[in-house]
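Q: Here it is: the structure, laid out below.
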Amino acid sequence: MPNSQYEKLARGALLEITTDASIGALVGEQIESEGTVSVLFSSALPGYPGWNWTVSVAHVEGEEPTVLEAELMPAEGALLSPDWVPWSERLAEYKAAQAATEAADAEKAAAEEASDDDDLDDDDDEGDDEFGSSVLHGGDLDGVDIDASDDDDDVDDDFDTGAFRGGDHEGVSVDDLDDSGDDDDEDDEDDDDSDDAELDDDDDDDDSDDDDDDDSDEED
């Protein structure tokens, strides 16, 4: 593995002009002249395969090394075009890549559609469980007691069908109410008969008084 005493200095100089991610591994050193060394790093910059970051360092005896310049330079063969590939082969590779992409997209769409269908089925099942079972029937819904509502309907049905005619409702005997009604009718009839008898007696008294008056007039 190559190493250089100037690696840290050269890498620090490169970080002033590029990002750390674009700087690859140390390639080595290259002596340019007496007291001058170029430190090479591979390039990780997109679009520049085979290029090297080059940092020139000057080191005079008795002095601290200093950076002269930093730049991106092509390595041997970096500017040559790749080997020629026949069009038919490139077209076949392109079509194969397109087919693979379309198949992956179709599979992903099918999976999403199946997931949506499952979610809808789950929602329908939950709706059936809530409204089709007795879970809500034993409690309240929006502040309304469903059991109480059913009881009211039963009471209405009982009143409509006469089911309470032979029993009690809220502690009151309906038969007693009917008997009381009959007693009231009899009392009314007795009162009417008594009133008629009193009227007859009054009429008889008036007739008796009239007869007495007539007899008195005749005597006079």
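Q: Please verify whether the stretch 9-23 includes one or more residues that are within 54 Å of the chain's Cα centre (by Cα), at pLDDT 95 or above, part of a strand (DSSP E or B) and closer than 25 Å to PRO82 by Cβ.
A: Within the stretch 9-23 (the criterion being within 54 Å of the chain's Cα centre (by Cα), at pLDDT 95 or above, part of a strand (DSSP E or B) and closer than 25 Å to PRO82 by Cβ), the answer is yes, since at least one residue qualifies.
Q: Considering only residues that are aliphatic (A, V, I, L, M), open to solvent by less than 90 Å² (accessible area, probe 1.4 Å) and touching a residue at least 40 places away in the same chain (Cβ under 8 Å), look in the stretch 5-26 and name the one that is farthest from HIS59 (Cα to Cα).
A: LEU14
Q: Taking the stated definitions as given, is ASP147 modelled with pLDDT under 70 and in a helix (DSSP H, G or I)?
A: Criteria met by ASP147.
Q: Does GLU71 satisfy the criteria of being open to solvent by 80 Å² or more (accessible area, probe 1.4 Å) and of a type outside the set (Gly, Ala, Ser)?
A: Here the answer is no, as GLU71 does not meet what is asked.
Q: Condition check: without any contact (Cβ under 8 Å) to a residue 12 or more places away in the chain, under 60 Å from the mean Cα position of the chain (by Cα) and surrounded by fewer than 17 Cβ atoms within 10 Å (Cβ to Cβ). Does SER81 satisfy that?
A: yes
Q: Report the residue count in the stretch 34-90 for those that are closer than 19 Å to ASP20 by Cβ and charged (D, E, K, R).
A: Adding up the residues that qualify gives 1.
The values are calculated or read from the model by the stated rules, or taken from the named source; none is laboratory data. None of these values were measured; they are calculated from a predicted model. Neighbour counts run over all protein chains shown; Cβ positions are idealised from the backbone, glycine included. When the accessible area is computed, the model is the full protein with side chains, heavy atoms only, and any ligands, DNA or RNA have been set aside. Shrake-Rupley method; radii C 1.70, N 1.55, O 1.52, S 1.80 Å.
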